[in-house]
Amino acid sequence: MSEKKTGLTRRGFLGTSGAAILGGAVLSQGVLNAAPGKATDQDALPRKWDETFDVVVVGSGFAALAAAIEAKKAGSSVAVLEKMKTAGGNSIINGGIFAVAGSPLQAKMGIKDSPELMAQDMIKAGLGLNHPDLVKLICEKSVEAFDWTVNELGMKFQEGEMVQEGGHTVQRSIKLPNSSGAGLVLPELAKLKSLGVEPRTQTLVTKIYRDKDGRVKGVQVREGYAFPKADSGKVKNIKARRAVVLAHGGFSQDVAYRMIQDPKLTAKFESTNQPGATSEMWREASRIGCNLIQGDWIQVGPWASPDEKGFGLAPHFAQEAAAMYGLWLNAKTGKRFVDELANRKVRADAIMMLMNKGENCIAFADSYGVSRLTKGIMDKLIQRGVVKKYDTLEDVASAYSMPLDAFKETIAKYNKNIREGVRDDVKNSVTLPKEVKPVETAPYYVSRLLPKVHHCMGGIYTNTAAQAMDVSTDKPIPSLYAAGESTGGVHGAVRLGSCAITDCIVMGRVAGQNAAKEKPWG
Amino acid sequence: MKFPSIANKLVSLACALMVGACLLAAPKRLATAKPGQCKACHSDKPVLPKDHTDTKGLSLADCQGCHEKGSKTSLVGKLPLMHAHQMKGVTCTQCHGKGKPEAVDKAKCVSCHEQKALTEKTSKLKPQNPHESPHGYQEDCNLCHHQHTKSENFCATCHAFDFSTP
Ligand SMILES: Cc1cc2nc3c(=O)[nH]c(=O)nc-3n(C[C@H](O)[C@H](O)[C@H](O)COP(=O)(O)OP(=O)(O)OC[C@H]3O[C@@H](n4cnc5c(N)ncnc54)[C@H](O)[C@@H]3O)c2cc1C
């Protein structure tokens, strides 16, 4: 036990935050000793490969599936390996908003946008930790990613609706069908199936084989793995003739690893993620010489609720009704406490600080606000008791022990500002949605706010070709690609909502296309 | 959460031994067992209370005579589903074929349990019809409905939905 513990700490330190902090020192020494593929812990290749594919993809979320589709279309044989019982990872439970800069949907609504503006928003929220070349690529290719979902996957989108997540200066987030990431994962899976590939579920990847020549040549798996039993399933070795693509997602559910990165994020914080969002591939990528950067930037989602498990449906109400068309309030004071359209970190930090003082926060919207939500969501939220409905402001105040006068004054002031178009004290960090109106139409709706651990901004350092970079040489690790939440440097300190899908689709496709171009070995 | 490492080798050995032991004690899956003939497979360890009616020759409908659906003693979610199948006269070979048992895919399930009808049947379940998962999970029956182990409420992986799964 203690042996294991020390092992983890050492790797966590050297592999991630350690490397980031000591960057200069570690790097220059690494470069001096550089030999291609001088990774710390190489493995002897297995004597026998049980199976062979051109491209082996780890994971089955947005990024993995996009990579697999592209690699297969380019003529490679492809294996998609997923440890859980179901394909889709966090992607299939995601909230279904997709940032596209300059989409036809924006044009129809008269919203002006550009890749440059989106990049500016991402880098501002990301505190400049974002690697600009990656951000630029993703923003520039966002329309292409959208077109791909329409032309390649046959997706259809509802016109006239758009979401504005905190930190975006304009409405640019497209709603996926069903308000769920499943609306995009299921078409990806269907496309892949039509190409003759289906994810192999319950297949845990335990090892990446990186040979002495520095090239990644295959993986070790446990087939028939039953999460979370580490030793379940049968060990097999799969050869990757051309390349391995890592798209194993984040580690928000892995309390031990997440506390190595950010000790504040103890077990008392729930997560919005699927239970399999754990760190084993992060550790393995470090071990074979990937450079894992910015691992301690872990996003806590401000809009979640204590009245349901995980992500649930509350974020739709708290963001798409209350933050966009209503107010977030400190129940103790009856006052607003944050710019409702500020980025997630600003908002989650504000709520957590108040909660630590024993003060609780609520998201509040009127009937007009909730009329902006996708049909059906409110019924479910009310039925599940996650959002509560009140006929009068008095009822709201008494339900949350909120001082009525202060509460009424807050609303009166907000409404006056909206009417007069005064931007002071209104959500002033961004352009307000055009359809904003004073909050005055009963009945009223409330959800309680509880931040939950949501997203890992850091991860494998990659270049714009989606190649994973070697920690010792700063050169691409031959035949290793990575995309999606397993990578770092795109979102910097704070990921803007809806930008993960864009990142996953753009970089997943790039990874798949390039993986298929690698020369086969052996 | 623990993942494979050298330090885990001992643990894995212990697990392997335990799994081995469990397998030895597992009930036989006798293709020739007659409905209601519990002892044919569960010969090592009696599975019914001492004073339970003799089940020999009983059908599932007979069981439900006492174990009424919706009552406290309902069998829903308590028995691995193959028991219900078996007692309704759906025997091993009807799903797994004769000879070496084949894996069963969804087509087999929906050849009897028409999917539309199933979806309709659960349409009143709150807070969500499990057969209309937005994540598409209804396409894999076995995520919830297990035959040889207890069924599970797969939605509960992420949601606090309180379903008892047959
Ligand atoms: C509830 C929720 C709502 C969200 N809403 C939005 C939104 O509306 N818009 C947006 O842009 N972003 C959103 N995000 C973020 C976004 O969904 C994720 O960042 C994105 O889905 C990550 O995709 P991915 O392909 O990188 O990884 P994932 O979809 O997480 O897939 C990774 C897969 O790899 C598997 N895996 C991990 N390790 C191994 C291993 N060792 N062997 C085999 N398989 C392995 C995992 O089980 C998982 O299935 C949301 C996230 C969550 C959790």
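For the reader, a short list of remarks on this structure follows.
- Considering only residues in segment A:254-273 that are open to solvent by 30 Å² or more (accessible area, probe 1.4 Å) and in contact (Cβ under 8 Å) with a residue 60 or more places away in the chain, the one that is farthest from the ligand (Cβ to nearest atom) turns out to be A:Ile260.
- Of all residues making up segment A:381-407, the number that are more than 33 Å from the chain's Cα centre (by Cα) and in contact (Cβ under 8 Å) with a residue 60 or more places away in the chain: 8
- Entirely in segment A:355-447, the helices (runs of 4 or more DSSP H) that have 1 or more residues that are outside the structural domain of A:Asn178 (by TED's automatic domain parsing) and within 30 Å of B:Glu132 (Cα to Cα): A:367-371, A:377-383
- Answer from A:Arg384, A:Arg372 - the residue that is under 26 Å from A:Asn90 (Cα atoms) and within 14 Å of chain B (Cβ to nearest Cβ): A:Arg384
- Considering residues of segment B:150-160 that are surrounded by 17 or more Cβ atoms within 10 Å (Cβ to Cβ) and closer than 20 Å to B:Leu81 by Cβ only, the residue nearest to the other protein chains (Cβ to nearest Cβ): B:Thr157
- Answer from A:Ala25, A:Ala119, A:Ala68 - the residue that is hydrophobic (A, V, I, L, M, F, W, C), at pLDDT below 95 and part of a helix (DSSP H, G or I): A:Ala25
- Hits in segment B:124-136 - residues which are within 11 Å of chain A (Cβ to nearest Cβ) and open to solvent by 50 Å² or more (accessible area, probe 1.4 Å): B:Lys126, B:Glu132
- Inspection of segment A:396-413 identifies no residue that is open to solvent by 50 Å² or more (accessible area, probe 1.4 Å), within 28 Å of A:Lys108 (Cα to Cα) and touching a helix residue (DSSP H, G or I) at 6+ places or on another chain (Cβ under 9 Å).
- The helices (runs of 4 or more DSSP H) found wholly in segment B:1-92 and carrying at least 3 residues that are at pLDDT below 80 occupy B:9-25.
- Scope segment A:88-105; condition of a type in the set (A, V, I, L, M) and either more than 14 Å from chain B (Cβ to nearest Cβ) or open to solvent by less than 20 Å² (accessible area, probe 1.4 Å) (or both); matching residues: A:Ile92, A:Ile97, A:Ala99, A:Val100, A:Ala101, A:Leu105
A quick yes/no check of all residues on (1) within 15 Å of the ligand (Cβ to nearest atom); (2) modelled with pLDDT of 95 or more; (3) among the polar types (S, T, N, Q):
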position	(1), (2), (3)
A:Val150	no, yes, no
A:Gly160	no, no, no
A:Gln164	yes, no, yes
A:Thr169	no, no, yes
A:Leu176	yes, yes, no
A:Gly181	yes, yes, no
A:Val185	yes, yes, no
A:Ala190	no, yes, no
A:Arg200	yes, yes, no
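- Residue in segment A:131-148 that is within 14 Å of chain B (Cβ to nearest Cβ), of a type in the set (D, E, K, R) and within 16 Å of the ligand (Cβ to nearest atom) present: no
The values are calculated or read from the model by the stated rules, or taken from the named source; none is laboratory data. Just so it is clear, the structure is predicted and the values come from calculations on it, not from any experiment. All Cβ positions, glycine included, derive from the backbone under ideal geometry; neighbour counts span all protein chains shown. Please note that ligands, DNA and RNA were not included when accessible areas were found on the heavy atoms of the full protein model with its side chains. Shrake-Rupley method; radii C 1.70, N 1.55, O 1.52, S 1.80 Å.
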